[in-house]
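Visitor: Mind looking over this structure? Questions follow.
No value in this document is a laboratory result; all are computed from the given coordinates. Just so we're clear, the structure is a prediction, and the values are computed from it rather than from any experiment. No Cβ is skipped: glycine too gets one built from the backbone with ideal geometry, and neighbour counts run over all protein chains shown.
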Amino acid sequence: MSTSDARATDRVAELREAFDRSFAQAPSREVAAVENLLAIRVGADPYVLRMTEVAGLFADKKVTRLPSPVSELSGIAGFRGAVLPVYDLAMLLGYPRAASPRWLVVIAVTPVALAFEEFDGYVTTREEAIAPEPQAGARGRHVREVVRAGELVRPVISLASVLEWIRHRASRDGLEKEQ
Amino acid sequence: MTRHWTFGQKVGAGFAVTVALAVTIGVVAVIALRSVVASKDRVIDVDAQLLIDAQALQTAREQKAVGIRAFLLTRDEQYITAMQAARAAIARALESLRANVYTDEGRRLLDGIEQAEREHQQGVDQVIALRRTDAALDTVNGSFEALDPIGDRLSNSIESFVAREQQLLRQARQAASDTASWATIAVTVMALGLVFLAVATAVVLTRTLSRQVGTAVGQVQSSSAELQAAATQQATGSKEQATAMSEISTTISELLATSRQITESAQRVAQIAEQTAAAARSGDETVETAHESIAGIRRQVDLIVNHMLELGKKSQQIGAVLEIVSELAEQTNILAINATIEAAGAGEAGKRFAVVADEIRKLADRVAGSAKEIRELIDDVRSAVNTTVMATETGSKAVDAGSKQFGHVAVSFKQIADLVTTTTEAAREIELSTKQQMTAVEQVNVAIGNVAQASKETEASSGQTQQTASQLALLSKDLLRLVRPQVSV
C-alpha cells in the first residue's frame, strides 16, 4: 500500500512539475516544423487526419438523418450555429456503414462534416515522417500519404480528395436527378 | 393255523396230548385197579369170609359133636357148656353167613343147615336128658346113634355149603384175576398207544421244530452277519463320532475362549460407549458453543457484506464521478484540439495560444489517463468488492450451511448420544448374553465331553457287539449243525 501511495505521490509531483514547466518554458521555435495530426480509427484501421484540413473536432453530436440518393450522407448536424451535412467516413473509404459513429470532424475548406467511430488522440510528428504512399490507392481511395512512427504506419486521409469525391458524387447525383 | 403256533404252544400241545393220554391211561389204570381191588375185596370180604364162616360153622359143628360125645361119656356138665358154646358159635356163624350170602342156593343151603341143626339139637337134647337119667349107656348110645342120619345130613349140608363157597371163592378169584388181566391188557395197550403217540408227536415236533428252528437259525445266522456288519459300521461310526466329538470339543473350547474374548470386548465396548456418551455430551455442548460462535460469525459476515455493498455503492459513485471527470477531460481535450485548430487558423497571433491549448490538451490527456487508471483501479476495487461480496455471500451461505450443518451436527450428536446410550445398553446385553452363552457353551462342552465319552463307550460296546455277533454267528452255525447236520456248513 505504501508503494502505491508513493507512486501516486510521485505521479502527482511529476504532473505538477510538468504543468508548471509548460508555463515556465518559452514558446518553441520549432513549432512550425511540426505537423499536427488527429489519430482516428475507421473500421478498426488506424488513420490520421491533418489538422490543417480540419476546422473542428466534435463528439456526440446529434445527426438528423435525411432522405438522400447519396448513401454516404448520414444526415445533417448543427456546428457552432451552422447546419452542415455529415458524411460517413467509413463508407467514403470503402468500408461498410459504421454502426454509430460518435466522432465528427469539420473540413476546413468546405463546411462538410465527416463521422467516424474512434478518436485515438492528438499526435504531432515531424514533417519528414510523412511520406507519399508508394502504391497509390493500395491503402484506400483517399490515401495519398502515410505517417511512419517507428514500426507503426498510419495512412493519412486526404480530406481534399474526400471533399472532391463528395463533390463529384453530389454533381453526378444532381445530373442524374436533372436528367 | 398250527403254522402260527409258537414253539412253546407246539411243545405244550404235544405234551398236552401225551399228558392227556397218560391221564387217560392213569384213569383207566385206576379204574382197572379199583375194579381189581373191588373184585379182590369181594373175594376176600365176601367169598373168603363166607368160606371162613362155613369152616367156622363146620368147626363149631364138630366141637358140638365133641362136647356131646364127651358129655355122653363123662356126664360132665362142662361139656354141655362147651356144647352150648359151640352151638352159640354155630348160631353166630349162621347169622354171619346169612348176612353175607348172596345167592338163593346159599340161602337154601343155610336153611337146610339151620333146619338140620335144629332137628339134631332136639335129638341131642333128648339124648342128653336121657343120659342125665340113669338110663343105660347103651340105650343112650342107641338114642344117640339114632341121631346120626340127622347129624350126617347136617354135616353133608355144611360140607355142601363149604364146597359151594369154595367153588364161589374160586370163581370170584378167577373173575378178579380176569379183571386184573383185562386191566393189565388195557393199560398195556394204552401205554403202547401212548408210547406210539408220544413217538409220533416227538417225530412231528422234531421235524417241525427242526425245520422252523433251522430256518430261524439260518435267519439268526444271516442276522448275525448283518449284525456283525452293522456293529462294524457302528464301531466305525462311533469312532468317527468320537473323533468328531473330539474336534467339536476342541471347537467348543475355542468358542468358549472366543466367548470370553467377546465378553471382555463387550465390557470394553460398554466402557468405551460410556466414554463416548460422555464425549458426545461434551461434543454436544461444544457444538452448541460453536453454533453460537457461528451465529456471531454470521452477524459479522452480514456486517462485512453490508460494508462491502456500501463500498460497492461508493465505488459506483466514484465511478460516476470519474465518468464525469473523464467526460470533462475528453471535452477539455476536444476543446484543446479545437483551440489548437483555431490557434493555427489565427496565424502568428495564435501560436502562443496554441501552446496554452496544447498544454491544456496535454493536461486533459493526463487527466484522461489518470481517470482511466482511476477507472481501472475503481474497476479493480469494484471487482474486488464484487468478488469480496460474492465471497462473503458465499461465506455467509457457507456460514448458514455451516450453521445448519452444526444444527445437524448437534442433532447428530444427540442422536449419537442416544445411540451410544442404546449401544451401551446393547453392549451390556451383549455382555450378559455372552456370559450366558459362555455358561451354555461350558455346559455344551461338558455335554460334548459326555457325548464323546459315550461315543467311546459306544465304540467299545460296538466292538463288544461285533464280538458277540461273531460268537452268535458261530453259535448259530453250531446250532444249525445240531438242527440240520446234513446242511451244516
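Visitor: Report the dimensions of the protein assembly as shown along its three principal axes from the alpha-carbon atoms, largest first, rounded to Å.
Guide: 271, 69, 51
Visitor: Moving on. For a bin width of 10 Å, list the pair-distance distribution of chain B built from all Cα-Cα distances, rounded to whole %.
Guide: Histogramming chain B at 10 Å steps yields 4, 8, 7, 6, 6, 5, 5, 5, 5, 5, 5, 5, 4, 4, 4, 3, 3, 3, 2, 2, 2, 2, 2, 1, 1, 0, 0, 0 percent.
Visitor: Let me ask you something else. Taking the Cβ-Cβ separation of B:Ala401 and B:Glu264 as r and a Förster radius of 30 Å, what is the calculated FRET efficiency to the nearest 0.05?
Guide: It comes to 0.10.
Visitor: Project the alpha carbons of segment B:334-489 onto their principal axes and report the range along each, largest first, in whole Å.
Guide: Computed over the Cα atoms, the extents are 174, 47, 17 Å.
Visitor: Just rank B:Leu147, B:Leu309, A:Leu104, fewest to most, by other beta-carbon atoms within 10 angstrom.
Guide: B:Leu309, B:Leu147, A:Leu104
Visitor: First select every other residue whose beta carbon is under 13 angstrom from the beta carbon of B:Lys404; then total the charges, Lys and Arg +1, Asp and Glu -1.
Guide: Spelling it out: positives minus negatives among the neighbours equals +1.
Visitor: As a test of the definition: which semi-axes, in Å, follow for segment B:228-483 when you take the square root of five times each eigenvalue of its alpha carbon gyration tensor? Largest first, please.
Guide: 108, 26, 10
Visitor: In whole angstrom, how far apart do the alpha carbon centroids of segment A:8-24 and segment B:333-374 sit?
Guide: 17
Visitor: Which whole-Hz ³J(HN,Hα) couplings does segment A:65-71 yield from phi under the Karplus relation 6.51 cos²θ - 1.76 cosθ + 1.60, θ = phi - 60°, glycine and proline marked x?
Guide: Per-residue couplings from phi come out as 6, 10, x, 7, x, 7, 5 Hz.
Visitor: Relative contact order for chain B: what is it in percent, counting Cα pairs under 8 Å that are at least 6 residues apart? Please report the intermediate quantities before stating the final value.
Guide: Numbers: 399 pairs, mean separation 113.1, N = 489.
In percent, rounded to a whole number, it is 23.
Visitor: Obtain the nm distance between the two label points defined at A:Arg41 and B:Leu419 by a simple spin-label model: each point lies 7 Å from its Cα along the Cα-to-C-beta direction.
Guide: 6.4
Visitor: Treat every Asp and Glu Cβ in segment B:228-483 as -1 and every Lys and Arg Cβ as +1, leave all other atoms uncharged, and give the resulting dipole magnitude about the Cα centre to the nearest 20 debye.
Guide: My answer is approximately 440 debye.
Visitor: Would you mind pulling out the separation of the Cα centroids of segment B:203-240 and segment B:120-140, in Å?
Guide: 111
Visitor: Further, regarding this structure: Can you tell me the relative contact order of chain A? Whole percent, Cα pairs under 8 Å, sequence separation 6 or more.
Guide: 21
Visitor: Tell me the volume per residue, in Å³, of the convex hull enclosing the alpha carbons of segment B:116-202.
Guide: 93
Visitor: Which of A:Trp103, A:Trp165 comes first, and how do the rest follow, when ranked by fewest Cβ neighbours within 10 Å?
Guide: So the residues, fewest neighbours to most, are A:Trp165, A:Trp103.
Visitor: Please list log₁₀ I(q)/I(0) at q = 0.09, 0.17, 0.19 Å⁻¹ for segment B:42-166, using the Debye equation with identical point scatterers on the alpha-carbon positions.
Guide: Result of the Debye calculation: -0.26, -0.80, -0.94.
Visitor: Continuing with the same structure: To the nearest 10 degrees, how steeply does helix B:7-41 sit against the main Cα axis of chain B, on a 0 to 90 scale?
Guide: In chain B, helix B:7-41 runs at an angle near 20 degrees to the longest axis.
Visitor: In the neighborhood of B:Phe144, defined by Cβ-to-Cβ distances under 9 Å, what is the net charge if each Lys or Arg adds +1 and each Asp or Glu adds -1?
Guide: Here the count lands on 0.
Visitor: From the P(r) of segment A:39-158, could you give the percentage of C-alpha pairs in the tail past 20 Å? Walk me through the numbers on the way to the answer.
Guide: Values: 2993 of 7140 pairs.
Value for segment A:39-158: 42 percent of Cα pairs lie more than 20 Å apart.
Visitor: May I ask you to sort B:Tyr102, A:Tyr122 by Cβ crowding, counting other Cβ atoms within 10 Å and putting the fewest first?
Guide: B:Tyr102, A:Tyr122
Visitor: A further question on this structure: Kindly give Rg over Rh for segment B:2-216, based on alpha-carbon atoms, with the Kirkwood expression for the hydrodynamic radius.
Guide: 1.45
Visitor: Out of B:Ile80, B:Val66, B:Asn100, whose Cα points farthest toward the positive end of the dipole of segment B:1-157 (charges: +1 Lys, Arg; -1 Asp, Glu; placed on Cβ)?
Guide: Of the candidates, B:Asn100 comes out farthest on the positive side.
Visitor: Antiparallel as a % of all DSSP beta bridges within segment A:23-163, to the nearest 5? Don't skip to the answer; put the middle values down first.
Guide: Numbers: 39 of 44 bridges.
If we restrict to bridges inside segment A:23-163, about 90 percent are antiparallel.
Visitor: Taking every eigenvalue of the Cα gyration tensor of segment B:308-389, multiplying by 5 and rooting it, what semi-axes result, largest first, whole Å?
Guide: 38, 9, 6
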